[in-house]
């Protein structure tokens, strides 16, 4: 309306051209942020950035062992629509304002840092798990009741120290891969549960979850009562 008042008689084509020029100028001066084909005011983006920063910092404070916050969870906590939240999160990741690792998002400055006491516990835990091989106890057995077991388990999985077989059974990574190597050396292209039990010296309590993990991880495929190496 202001343009028409200043330029009486302006044609539609001239108005569109002037509007495009003004828009491009606002984008170049970053008063308007263009993300793909979506336009946002700088004020709006700044507000959402601050909200994301506060949410991530609080998460890092409460869960210092975890590499980051689940991206979909973070998106759901932003006061935007799900679509807008994803667009802006992807933009902030692409510009390096925040970082993404697998399914997790973290602030740029955050790094997992273990205390000396935590490092000592980690080494002892891995030593015990390694010693137990594939015949591990329930994961509760390896933790003190006062510890934040769930964050520790997530940490161990995220850092690829352990492999989850069931909700209670977790094995040390090297023990898991050694089991795979031994089984593959000792069987043909296809094998049965009985062969795996005898080769690995495991009861059904351990061998079934182990074999199901091989299926899920695409090492093997189940064919009726047998499994085939992929």
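Values in this text are rule-based calculations from the coordinates and carry no lab data. Quick caveat: nothing in here was measured; it's all calculated off a predicted structure. Glycine gets a Cβ as well: all are built from the backbone with ideal geometry, and neighbour counts include every protein chain shown.
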If neighbour count is taken as other Cβ atoms inside 10 Å, put 152, 229 in order from fewest to most. 229, 152
Taking a spot 7 Å from the Cα of residue 178 along the direction of its beta carbon, which residues of segment 126-163 have an amide N less than 14 Å from it? 126-136
In nanometres, the difference between 0.36 nm per residue of separation and the alpha-carbon distance of residue 102 and residue 159 is 19.3 nm
Within segment 147-191, name every residue whose backbone N is under 20 Å away from a label modeled 7 Å from Cα of residue 120 along the Cβ vector. 147-149, 152
Compute the relative contact order of the chain as a whole-number percentage, counting only Cα pairs closer than 8 Å that sit 6 or more residues apart in sequence. 12 percent
Treating the angle as unsigned and between 0 and 90°, give the value, to the nearest 10°, between the Cα long axis of helix 173-186 and the longest Cα principal axis of the chain. 60 degrees
Just checking my list (i) 1.02; (ii) 1.57; (iii) 1.25 against Cα Rg over 2.2 N^0.38 Å computed from this structure; which label fits? (ii)
Counting helices only, and only those DSSP H runs with n ≥ 4, report the 222 nm mean residue ellipticity of the chain as the sum of -39,500 (n - 2.57) divided by its residues, in deg cm²/dmol to the nearest 500. -17000 deg cm²/dmol
Mind running the shape call on segment 57-161? Use the C-alpha gyration tensor, a ≥ b ≥ c as the square roots of the eigenvalues: rounded below 1.5 for a/c, prolate if a/b tops b/c, oblate otherwise. prolate
Please say if segment 41-110 is rounded, prolate or oblate, where rounded means a/c under 1.5 for a ≥ b ≥ c the square roots of the C-alpha gyration tensor eigenvalues, and otherwise the choice is prolate for a/b larger than b/c and oblate otherwise? prolate
Under a GNM of the chain (C-alpha, springs under 10 Å), which listed residue has the highest mean-square fluctuation: 145, 20, 215? 20
Could you grab the relative contact order for segment 109-183? Cα pairs under 8 Å, six or more apart, rounded to a whole percent. 33 percent
Would you mind computing, in nm to one decimal, how far apart the modelled labels at residue 77 and residue 95 are, each placed 7 Å from Cα along Cα→Cβ? 2.2 nm
To the nearest Å, what is the center-to-center distance of segment 68-129 and segment 138-161, using C-alpha atoms only? 18 Å
Suppose a student asked you for the relative contact order of segment 114-230, using Cα pairs under 8 Å spaced at least 6 residues apart; what percent would you report? 21 percent
Which angle between 0 and 90 degrees, to the nearest 10, do you get for helix 42-62 versus the longest principal axis of the chain when only C-alpha atoms count? 20 degrees
Compute the acute angle (0 to 90°) between the alpha-carbon long axis of helix 204-216 and the principal axis of greatest extent of the alpha-carbon atoms of the chain; round to the nearest 10°. 40 degrees
Please label the shape of segment 114-230 as rounded, prolate or oblate, based on the square roots a ≥ b ≥ c of the eigenvalues of the alpha-carbon gyration tensor (a/c under 1.5 means rounded; beyond that, a/b larger than b/c means prolate, else oblate). prolate
Neighbour counts of other C-beta atoms within 10 Å: give me 80, 115 arranged from fewest to most. 115, 80
